[in-house]
């Protein structure tokens, strides 16, 4: 559907609120505002651009941090005065290094697993460390040492998983598998492999198996 920007209802300051949601996990990431120029740029470039009410200027999400938001979809509400933006979040959405700006939970009575998106959060944190190094960070130590060091750690952790498995120790196996997953993710980020790429490959295999 083509959007006629004039049909949207902007407030007295010429702004419209934008709820930003991660397209894969459906996690609500942030609330921002757009004016007409920001909206036009977002539609044209498919990269989220907002209007900063404090700076009184446009800002493209991730311009300084590298945590850009690639637009996957857009819709507006029944009153035409709010936008829902579906994005593929690169890195983290919040400047506090949280995946979502909505991390201050007041209460949560939903019967859900709080660790449901832990892999996405871990991956995003590793990306954040790569783009914005922190002194004393083990992740940055690995990136600084390079691919050979990362591969060595992946090999060492794989061996530790094998040893733990031979010992039939679930606690030990859980610990070592967690270490392996972390180091594999460091390798993925170093080589530009995303979680979505792995999901797509696994999906292809599932479809291939189903067709046989």
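Readers should treat all values here as calculations from the given coordinates under stated rules, not as data from a laboratory. Everything numeric here is computed off the predicted structure, so don't read it as measured data. Glycine also receives a Cβ, built like all others from the backbone with ideal geometry; neighbour counts cover every protein chain displayed.
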What is the helix-to-structure angle for 147-166, meaning the angle in degrees between its Cα long axis and the longest Cα principal axis of the chain, kept from 0 to 90 and rounded to the nearest 10?
60
Given a cut-off of under 8 Å on Cα pairs at least six residues apart, what relative contact order in percent is computed for the stretch 5-89?
31
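Under the definition of Cα pairs under 8 Å and six or more residues apart, what whole-number percent is the relative contact order of the chain?
Over the chain, the number comes to 14 percent.
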The chain, Gaussian network, Cα under 10 Å: of 167, 97, 190, the residue fluctuating most is 167
Summing -39500 (n - 2.57) over the DSSP H runs of n ≥ 4 in the chain and dividing by its residue number, what mean residue ellipticity at 222 nm do you reach, to the nearest 500 deg cm²/dmol?
-14000 deg cm²/dmol
How are the alpha carbon pair distances in the stretch 133-211 distributed across 10 Å bins from zero to the largest one, expressed in percent?
18, 33, 34, 14, 1, 0
Highest average packing first - 69-76, 152-159, 99-106, Cβ atoms within 10 Å
69-76, 152-159, 99-106
Which label marks the calculated value of percent of Cα pairs over 29 Å apart, given the options (i) 26; (ii) 16; (iii) 41?
(iii)
Just how far, in whole angstrom, is the stretch 115-140 from the stretch 48-109 if you go by their alpha carbon centroids?
19
GNM of the chain, Cα pairs under 10 angstrom: of 23, 12, 137, the biggest fluctuation goes to 12
Could you tell me how many degrees, from 0 to 90 and to the nearest 10, lie between the Cα long axis of helix 118-131 and the main elongation axis, the longest principal axis, of the Cα atoms of the chain?
80
